[in-house]
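Note sheet for the following structure.
The values are calculated or read from the model by the stated rules, or taken from the named source; none is laboratory data. Owing to the predicted nature of the structure, the values given are computational and were not obtained by experimental measurement. Note that each Cβ is placed from the backbone with ideal geometry, even for glycine, and that neighbours are counted across all protein chains shown.
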Amino acid sequence: MSEALEMRLEPQSLHCALGGRSLTLPVGPLTLARSISGDPPSPVDLTNAIGLVADHLDDLDREMPEVLLVPQISLAGHGIAALADVELGAPASLPVELTRQAAEEIFRTLATETAADRSLNPGLGEPWVHDILGTCCALVAVMRHFKLDAITLAA
């Protein structure tokens, strides 16, 4: 199978498309961000947010088992450009390949900072200071679930 799984984060959902088939999972970055409390964020809330995405990815595996055979996954949509900007420390030109190590590092950094500290990250605009946590949880969940070494962040 040579097609890529295309995943698109919408504020309240995650849309997955492969080979003319698609499935929308009822979890998105705003849903996740709103479930995360504390400043800095609660580790339990972060773990639960990642787990919620992982549970829905299990549903994707059951509904579209061919996703387990794809050689590449791209993730686009809500918060992805902001995430790429944080990684580069400047406005990013998508697509960008993000390694698992870099994704985990971004997550650890943003998830352990207070909102005031997160707002100082180059490339992270004010509207994203809290919502980026939901995008990070979705990204990390996807990478862990599919055991990815890298993912393409797309426009």
Criterion violated by A76 - all others in (1) touching a residue at least 12 places away in the same chain (Cβ under 8 Å); (2) farther than 14 Å from L14 by Cβ; (3) outside any loop (DSSP other than H, G, I, E, B) satisfied = (2)
First in region 103-127 and free of Cβ contacts under 8 Å to residues at least 24 places away in the same chain, second anywhere and surrounded by fewer than 14 Cβ atoms within 10 Å (Cβ to Cβ) and of a type in the set (D, E), Cβ under 7 Å, 6 or more apart = S119/E126
Restricting to strands (runs of 3 or more DSSP E) lying wholly in region 1-40: which have 1 or more residues that are farther than 12 Å from V53 by Cα, at pLDDT 95 or above and among the polar types (S, T, N, Q)?
-> 21-25
Got a sec? Which of L75, L68, L83 is of a type in the set (A, V, I, L, M, F, W, C), under 26 Å from S22 (Cβ atoms) and surrounded by fewer than 14 Cβ atoms within 10 Å (Cβ to Cβ)?
-> L68
